[in-house]
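The values are calculated or read from the model by the stated rules, or taken from the named source; none is laboratory data. The structure presented is a predicted model; accordingly, all values stated were derived computationally and were not measured. As a convention, Cβ positions derive from the backbone with ideal geometry for all residues, glycine included, and neighbour counts pool all protein chains shown. The accessibility values were calculated without ligands, DNA or RNA, using every heavy atom of the protein model including side chains. Shrake-Rupley method; radii C 1.70, N 1.55, O 1.52, S 1.80 Å.
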Amino acid sequence: MAFTDIEIAEHIITLEEYFWVHRRPPLHLRKKVREGQCFTGQSIELFHVRPAFERPGEFIESRIAKVTYVRSKKVWHVFWPRADGKWHPYPPCPETKSLETSLLLIHEDAECCFFG
């Protein structure tokens with residue numbers, strides 16, 4: 001079952017408080033670099049949108065991470081984008097008990113999977 005509108009609203013607040021407040025681009029870059037999230041089913045994908053290198057007027061979406069809620073187990077799965085273009089479980093902690101914990105893992109990026 002997909003997230004309800006109420007759950008999406010709650011998740012957006014959590015995303016802001018636990019992730020974007022720490023990872024938002026500096027003020028002087030915000031006209032060019034934007035952050036975003038996409039809700040699909042039970043998943044939230046985090047990304048940045050930035051200008052394409054040497055292609056004026058074009059923008060590129062850079063995937064950061066994906067978290068998926070498994071209702072039957074009440075856990076969040078954390079994924080990172082590998083060079084093969086697929087999502088892979090985050091090696092040190094592929095599962096958490098809360099969205100907040102998942103976002104803090106992504107922000108800390110101990111294995112340099114999300115931000116290089």
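Choose one answer from His77, His88, His28: the residue with the largest mean-square fluctuation in a GNM of the chain with alpha-carbon springs under 10 Å.
Ranking His77, His88, His28 by mean-square fluctuation puts His28 first.
Would you be so kind as to identify which of Phe115, Tyr90, Val70 lies farthest towards the positive end of the dipole of region 63-116, taking Lys and Arg as +1 and Asp and Glu as -1 on Cβ and the Cα centre as origin?
Towards the positive end, the residue furthest out is Val70.
Counting only heavy atoms of the protein chains, get the accessible area per residue of the chain (1.4 Å probe) and round it to a whole Å² value.
Here the per-residue accessible area is 63 Å².
Please report how many Lys pairs in the chain have alpha carbons closer than 26 angstrom, counting only residues at least 8 apart along the chain or sitting on separate chains.
10
If the only charges are +1 at each Lys and Arg Cβ and -1 at each Asp and Glu Cβ, what is the size of the charge dipole of the chain around the Cα centre, to the nearest 20 debye?
Charge dipole of the chain: 220 debye, to the nearest 20.
Would you calculate, for the chain, the mean residue ellipticity at 222 nm contributed by helices, counting each DSSP H stretch of 4 or more residues as -39,500 (n - 2.57) and dividing by all residues, to the nearest 500?
Mean residue ellipticity, 222 nm, calculated: -5500 deg cm²/dmol.
Looking at the chain as a GNM with Cα springs under 10 Å, which of Glu16, Glu100, Glu35 has the largest mean-square fluctuation?
Glu16
Just report the Cα centroid separation between region 52-75 and region 81-97, whole Å.
12 Å
Could you work out how much longer the chain between Lys86 and Ala9 gets when fully extended? Use 0.36 nm per residue separation minus the Cα distance between them, nm to one decimal.
The Lys86-Ala9 span can extend by a further 25.0 nm.
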